[in-house]
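Structure first, commentary second.
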Amino acid sequence: MRIDLTLLERRLDELYAIGAEPDGGAYRPLYGEAWAVACDRVEHWMREAELTVHRDAVGNVWGRLEGSGGGKPVVTGSHIDTVRRGGRLDGALGIVAGLGAVQALEAAYGAPQRPLEVLVVCEEEGSRFNTNFWGSRAIVGAIQSGEADRWRDPAGVTLAQAMRERGLDPSQIPAAARSDLDAFVELHIEQGSVLESAEVALGVVTTIAGGVHLQVTVSGRADHAGTTPMDLRLDALVGAAAMVEAIAHCAAVEGRPAVATVGKLRVEPDQINVVPGRVVFTVDLRHAALEACRNLTQGIRGICETLATERGLGLEIATLHERPPVPMHADIRTAIEAAASEDDVTTMALVSGAGHDAQILASRCRVGMLFVPSNDGRSHCPEEATDRSDLELGTRVLARTLHQLAY
Ligand code: HGY
Ligand code: MN
Ligand code: MN
């Protein structure tokens, strides 16, 4: 079986050019122009590979290779959207390697027993709307009624309007649900430095860490910057800054693998000569153990409340979502290990600190993930990179895993 690494790299480069940003990286927000061009490009590759292509009600793209024996499909793929100034591999690798693996399998062994499907998940990152896993949640039927009308992007466009602009009908979202999937296997970059530090080329994910997203609103009083004495201010930004520092401290004290990140912060009225009256910021916190995740959340809520009370500031903390840790299925881990041993590849079991579509699809089918190393542990930035030899090896072991499951 031959993995066409030149084709794989060319496709990665083509996708990376779609949504390229002037100061590096790519940005393909859900239902945006770059997102649409990228989905069309992958559909074109799928049709070139003579897969049957289907687009579901939320814009996920499915490429299917029929199996001689029918049955539930084995699926591989990943997400097409990116973070702002995203890297070349996050999501894209899983799509391109999944398609390349299916093509390599068909060339070497002909039609599989079970159908094989390559999945382009429409959205995973939560870059445009304050919700994420839109594509995989639609597949498992977990999008709440009316939810598309509730989420707005920074320009005030609802997710439902964005769908309509792409010719999708929000009332049809339930039609995207699938209950016929046997397994989902995703190749992804590790996005950290565990594999690189251990000098191991392939990771087999044991658990995807749990995570909580909070939105914190700190309310003070807007005042004139020139006439309001320091001791009479209710400065929302100074209060928020103390909270940001305390949140990072909470996670540091908890110790690895606990992490907490304030990635977005908005100041109002955001004017050089006005004391900030209100600040809204987000918290992304993660831990591999559910109890620890909940304790960390409670600790962060408590320190923000204490700091707000001490400073006479208002405080509101909304939970945007809470996702428990999700274990990978033993069958799929075994299939990945067996596939790796066919090539005498040394593997390493590890927890994924990053979230992935597999953690959502796990409610509907057996799931598993393979990781390849990230150079310098970097991701979610233009510096994201993985050695060619690791890309080839990851794709090869992915193909052999699909062979284990579908042939
Ligand atoms: O945030 C994450 O862990 C993933 O990259 N969406
Ligand atoms: Mn990501
Ligand atoms: Mn990803």
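Quick note: the coordinates plus some simple rules give every number you see, no bench work behind them. A quick note: this is a predicted structure, and the numbers were derived from the prediction, not measured. Glycine also receives a Cβ, built like all others from the backbone with ideal geometry; neighbour counts cover every protein chain displayed.
Under the √(5λ) rule applied to the eigenvalues of the Cα gyration tensor, what semi-axes describe the equivalent ellipsoid of the chain? Give them in Å, descending.
On the way: eigenvalues 326, 106, 72 Å².
One finds semi-axes of 40, 23, 19 Å for the chain.
Given a cut-off of under 8 Å on Cα pairs at least six residues apart, what relative contact order in percent is computed for region 210-323? Don't jump to the answer; show the numbers that get you there.
On the way: 227 pairs, mean separation 51.5, N = 114.
Value for region 210-323: 45 percent.
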**OP:** Give a residue-ordered list of calculated ³J(HN,Hα) values for region 6-14 (Karplus: 6.51 cos²θ - 1.76 cosθ + 1.60, θ = phi - 60°; whole Hz; x for Gly, Pro).
**Re:** 5, 5, 4, 5, 5, 5, 4, 5, 4
Subject >> Space enclosed by the convex hull of the alpha-carbon atoms of region 258-407, per residue, Å³ >> reply: 159 Å³
Original post:
Using alpha-carbon pairs under 8 Å, 6+ residues apart, how would you state the relative contact order of the chain in percent?
Top reply: 22 percent
Subject >> Residues PHE281, PHE371 arranged by fewest to most Cβ contacts within 10 Å >> reply: PHE281, PHE371
**OP:** For region 166-226, run through the GluC sites (Glu not before Pro) and keep only the ones in DSSP coil with at most 14 other Cβ atoms within 10 Å of their Cβ.
**Re:** GLU199
**OP:** Would you kindly derive the ³J(HN,Hα) couplings of region 393-403 from the backbone phi angles with the Karplus curve 6.51 cos²θ - 1.76 cosθ + 1.60 (θ = phi - 60°), listing them in order in whole Hz, with x for Gly and Pro?
**Re:** 5, x, 5, 5, 5, 4, 4, 5, 5, 5, 5
**OP:** Any chance you could check the Cα centroid distance between region 57-88 and region 353-393 for me, in angstrom?
**Re:** 15 Å
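What do you get for Rg/Rh over region 129-249 if you use C-alpha atoms and the Kirkwood form of Rh?
Values: Rg = 22.2 Å, Rh = 19.7 Å.
Expressed as Rg/Rh, it is 1.13.
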Original post:
For region 210-323, max minus min Cα coordinate along each principal axis, in Å, sorted largest first?
Top reply: 50, 21, 19
**OP:** List the residues whose amide H sits under 5 Å from the amide H of SER78, counting only those 5 or more places along or on another chain, with H placed 1.01 Å from N in the peptide plane.
**Re:** ILE95, LEU119, VAL121
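Counting other C-beta atoms within 10 Å, which of TRP134, TRP62 has the fewest, and how do the rest follow? Intermediate results must be reported in sequence, preceding the final value.
Details: TRP134 31, TRP62 21.
Lowest to highest Cβ neighbour count: TRP62, TRP134.
With an 8 Å Cα cut-off and a minimum separation of 6 or more residues, compute the relative contact order for region 221-277 in percent.
Numbers: 53 pairs, mean separation 30.7, N = 57.
Across region 221-277, relative contact order equals 54 percent.
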Original post:
With a 10 Å Cβ neighbour count serving as the proxy for reagent exposure, in which order, fewest first, do VAL194, VAL118 appear?
Top reply: VAL194, VAL118
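Considering only DSSP beta bridges where both residues belong to the chain, give the percentage that are antiparallel (nearest 5).
Values: 44 of 65 bridges.
Just about 70 percent of them are antiparallel.
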